[in-house]
Amino acid sequence: MQNLELAVSIAKKAGGVILEYFDSQTQQATLKGDRTIVTKADLEINRMVIEEIQNNTDGHGVVGEEQSLATDSEYQWVVDPIDGTAMFNFGIPTNVFALALTKDKLPVLAVVFDPYLNKLYVADEKTATCNNQPIQCNTKQLQKDPHMYIGICSDAKGDFNLHEVARQLSSDYGVKFVSFRSAIYMDMLVASGKLCANISYGGHGYDCIGAHIVKLAGGQYSDLNGNAINLLGENQGYFSSNGLIHSEMLEIIKSSKQ
């Protein structure tokens, strides 16, 4: 089985688990040490991903939010079993399954699956698609526009004052902000041209799986300092955009550093 075929197969299986437990009385959530929650579905999906990769690859490793498989292979998979677990637990369908493959620490493919709308986002080394149709970031500039929407997740503490960033963008350009409590869900909205950008304090590599898809859809992706994202490690926040507004917005973000 080829790596992309494997990734798609895993994503569909994960989607089945998500739908099975979604808004169900059998859902079980516990609080982790970092004050985020984990559900029975998260754990089941993470275990399934590791089993599938063990059974279908030659020693590839897995870096997962809930469980990992350490190997010395140049190929490492990164998985977020449910990005947006809180919304999943509340019965709100703004959460996705996300999986990426890296070679020598650089992404070579990524898949994101929204099982509620049956939307499968895929990026290989050349193109980004949703349900086999090409997707593209929008071409909006940072100027007054009643239809400029940006995703934001700013409830965590960090070195940047994202509340001030939001205030300035709203005041100067009339930007409207949305938060669906799933960074990767919002990254897919950037990649498909619905949002102009997405900003968050979060920094885990698995939170940034959408980066490869955004880039191949014509956008840009960086940490809040403008540095490249490390999918296998920690990052100082993350910021996806349509590319055209990236530099200008980065200056505003950097100016908010506390």
Arrange the peptides 69-82, 139-152, 202-215 so that the one whose residues have, on average, the most other Cβ atoms within 10 Å appears first. 202-215, 69-82, 139-152
Going by Cα centres, the range 180-258 and the range 67-92 are how many Å apart? 18
For the range 190-205, just list the computed ³J(HN,Hα) in residue order, Karplus coefficients 6.51, -1.76 and 1.60, θ = phi - 60°, integers in Hz, with x standing in for Gly and Pro. 5, 5, 9, x, 7, 10, 7, 6, 8, 10, 8, 6, x, x, 5, x
Rounding to the nearest 10 and keeping the result within 0 to 90°, find how far the Cα-based axis of helix 162-173 lies from the longest principal axis of the chain. 50
The range 149-255: C-alpha pair distances exceeding 24 Å, %: 10
Taking amide hydrogens as modeled 1.01 Å from N in the peptide plane, which residues meet the under 5 Å criterion relative to K194, leaving out close sequence neighbours? none
Would the range 130-177 count as rounded, prolate or oblate if I go by the C-alpha gyration tensor, calling it rounded below 1.5 in a/c and otherwise prolate when a/b exceeds b/c, oblate otherwise? oblate
The range 57-114, Kirkwood Rh and Cα Rg, ratio Rg/Rh at 1.06
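Counting each DSSP H run of 4 or more residues in the chain as -39500 (n - 2.57), what helix-only mean residue ellipticity at 222 nm follows after dividing by all residues, to the nearest 500 deg cm²/dmol?
Calculated from helices alone, the mean residue ellipticity at 222 nm is -9000 deg cm²/dmol.
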So if I place +1 on the C-beta of Lys and Arg and -1 on the C-beta of Asp and Glu, and nothing else carries charge, what would the dipole magnitude of the range 149-255 be about its Cα centre? I want it in debye, nearest 20. 280
For the chain, count all C-alpha to C-alpha pairs, find those more than 31 Å apart, and express that count as a whole percent of the total. 20
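No value in this document is a laboratory result; all are computed from the given coordinates. What you are looking at is a predicted structure, and each value in this text was computed from that prediction instead of being measured. For neighbour counting, all protein chains shown are included, and Cβ atoms are generated from backbone atoms with ideal geometry for every residue, glycine included.
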